[in-house]
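No value in this document is a laboratory result; all are computed from the given coordinates. What you see is a predicted model; the values in this text were computed from it and never measured. Cβ coordinates were reconstructed from backbone atoms using ideal geometry, including for glycine residues, and neighbour counts include every protein chain displayed.
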Amino acid sequence: MRVRTRFPTMESMVKAGFLNMDELKELSKIDLAYNRYWTPLHWALGVSFQALEKKYFETPWARICVQNEIETFRTNLALLCNFDWVPVPISYPQTGLCIVDDEYGACPELTPDSFTDPEYNPVYPEDSKHHGDHGVLTGSAENYR
């Protein structure tokens, strides 16, 4: 992926100017079982609350508008991550195999028809083969009504 090639480590994010060294230290202190994608968004929400307390926003409605934009960004980032976690070429065979596995039990029972009996006499006479379609060949569907 181009992004991971461009930013292989968190230090490369600092060199590019996306993080400060202090922010990198704070991020490194966080010990989570999950990825830390969401930490800067939590920081941004915290800064918006501090800005409201310090009267940088004229009204609480302005802070709510900022919060809504942060939530929209977070939702789009989560959607992007969801698409990144499932490689598309792998999902198609898995979907096909799941469908086959689910429908395997729904197969009808296979029973032999009358043509498997060695004592069976055909419905049509032998000489009807030579007279075109005077006699209709019925095949395996002879008992269908």
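Structural remarks
- Distance distribution P(r), segment 32-104, all Cα-Cα pairs, bin width 5 angstrom from 0: 3, 13, 15, 14, 11, 10, 9, 7, 5, 5, 4, 2, 1, 0 percent.
- Under the combined filter of DSSP loop state and at most 12 neighbouring Cβ atoms within 10 Å, segment 41-80 retains these trypsin sites (Lys or Arg not before Pro): K54, K55.
- Annotation: the residues I70, I64, I30, sorted from fewest to most other C-beta atoms within 10 Å of their own C-beta, follow the order I30, I64, I70.
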